[in-house]
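Trainee: Take this structure first; my questions come after.
Nothing in this text is a laboratory measurement; each read-out follows from the coordinates by a stated rule. Here the structure is a predicted model, which is why all the values come from computation and not from measurement. When we count neighbours, we look across all protein chains shown, and the Cβ atoms used for this are built from the backbone with ideal geometry, even at glycine.
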Amino acid sequence: MPKQVIFRKPIDASSYAMGYKIGTNLKSRGVDLNIRTILSAIKEAYEGKPSAISPEQSQQALKHFQEMVKEKRKEIAANNKKEGEAYLEKNKSQKGVITTTSGLQYKVLTKGSGKTPQANSKVSVHYNGRLIDGTEFDSSYKRKEPSQFKVNRVVKGWQEALKLMPVGSKWQVYIPSDLAYGEYGRPGIPPNSVLIFDMELLSFEENEAVKTAKNK
């Protein structure tokens, strides 16, 4: 982890945070840009200097940039889909891995003995998620607090897995991209990514309508 910088003035910290956010956003587009030109343009705009190119040229340049981003995303998505399919094909033959009809794969790490949640159940889950290259993108363990949500509010792969898991279970789940975030991805998750989760179902609450029906 890089050494943390302590800014003496709040405005300096704010300035750094804004610059870092802009840089992170540009890098996430996956297109090579001239950072020196970007910094020069930001400085000129901030100082109120006129643009070095016309509005028409600017519009055309930004349109070209968006086209490059779109093509890059297509390339990344195609590569991820190919790599993901190969990973799942190999993984399904690993000891203990079960593949469902949807293509979801899972391995039981700890057997639970409780009930299984339904679509409207509110579950409490500890988990960490990573890409097939090992990059971790989320972890309730690191937050030191389990996540709570309704089963039907998460991606299809999670929904399917949770409805199969008895309380107390801990599984390793391998979710194909079409049961996760698909070709669009999300921040930290590239398009067409296979996702791997270590999931621990701690508890769940039944929907009120289900409780009422059972008590009749």
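Trainee: Take the chain, connect every pair of alpha-carbon atoms lying under 10 Å apart with a spring to form a Gaussian network, then pick out the residue of Leu104, Leu164, Leu39 with the largest mean-square fluctuation.
Mentor: Leu39
Trainee: Report the FRET efficiency, 1/(1 + (r/R0)^6), for Ser51 and Lys27, where r is their Cβ-Cβ distance and R0 is 25 Å, rounded to 0.05.
Mentor: 0.55
Trainee: A follow-up question, please. Have a look at Pro176, Pro190, Pro146 and tell me which one the Gaussian network model of the chain (Cα, springs below 10 Å) gives the largest fluctuation.
Mentor: Of the options given, Pro146 has the highest mean-square fluctuation.
Trainee: Mean projection of the alpha-carbon convex hull of the stretch 84-212 over all orientations, in nm²? Show your work: numbers first, answer last.
Mentor: Numbers: hull surface 32.4 nm².
Spelled out: convex hull of the Cα atoms, projected over all directions, averaged, 8.1 nm².
Trainee: In square nanometres, what is one fourth of the surface area of the convex hull spanned by the alpha carbons of the stretch 58-124?
Mentor: For the stretch 58-124, averaging the hull's shadow over all directions gives 8.7 nm².
Trainee: Taking the Cα atoms of the chain, report the difference between the largest and smallest coordinate on each principal axis, in whole Å and largest first.
Mentor: 73, 43, 39
Trainee: Between beta-carbons, use under 15 Å as the cut-off and find the net charge around Glu145, counting Lys and Arg +1, Asp and Glu -1.
Mentor: Taking every other residue near Glu145 into account, the sum is +1.
Trainee: Then there is this: Normalised by the number of residues in the stretch 118-216, what is the relative contact order in percent for Cα pairs under 8 Å and 6+ residues apart?
Mentor: Numbers: 186 pairs, mean separation 35.7, N = 99.
Taking the mean separation of contacting Cα pairs over the length of the stretch 118-216, I get 36 percent.
Trainee: Still on this structure, I have one more. Can you compute the modelled spin-label distance between Met68 and Lys156, with each label point 7 Å from Cα toward Cβ, in nm?
Mentor: 3.5
Trainee: Please state the charge dipole magnitude for the stretch 1-52, taken about the Cα centre, from unit charges on C-beta atoms (+1 on K and R, -1 on D and E), reported in debye and rounded to the nearest 20.
Mentor: Approximately 160 debye in magnitude.
Trainee: Once Rh is set to the Kirkwood radius over Cα pairs, what Stokes-Einstein translational diffusion coefficient, in µm²/s, holds for the stretch 89-144 at a temperature of 10 °C and a viscosity of 1.306 mPa s?
Mentor: Calculated translational D: 113 µm²/s.
Trainee: Moving on to the next point. Kindly flag which residue pairs out of Lys21/Lys90; Lys74/Lys142; Lys27/Lys150; Lys21/Lys63; Lys21/Lys72 have an alpha-carbon separation exceeding 30 Å in this structure.
Mentor: Lys21/Lys90; Lys74/Lys142; Lys27/Lys150
Trainee: Same structure, new question: With charges set only on the Cβ (+1 for Lys and Arg, -1 for Asp and Glu), what does the dipole of the chain come to about its Cα centre, in debye to the nearest 20?
Mentor: About 580 debye.
Trainee: Let me ask another. Give me the log10 of I(q) over I(0) for the stretch 1-52 at q = 0.13, 0.14, 0.15, 0.21 Å⁻¹, as the Debye formula computes it from C-alpha points; what are the numbers?
Mentor: Summing over Cα pairs of the stretch 1-52 leads to -0.44, -0.51, -0.58, -0.96.
Trainee: State the extension gain, in nm to one decimal, for the chain segment bounded by Phe7 and Asn91, taking 0.36 nm per residue of separation less the distance between their alpha-carbons.
Mentor: Working: separation 84, 0.36 × 84 = 30.24 nm, distance 4.78 nm.
Using 0.36 nm per residue and subtracting the Cα-Cα distance, I get 25.5 nm.
Trainee: Give the calculated FRET efficiency between Met18 and Tyr184 to the nearest 0.05, with a Förster radius of 30 Å applied to their Cβ-Cβ distance.
Mentor: That gives a FRET efficiency of 0.65.
Trainee: Considering only Thr110, Thr100, Leu39, whose Cα is most displaced toward the positive end of the charge dipole of the chain, charges sitting on Cβ of Lys, Arg (+1) and Asp, Glu (-1)?
Mentor: Checking the options against the dipole of the chain, the answer is Thr110.
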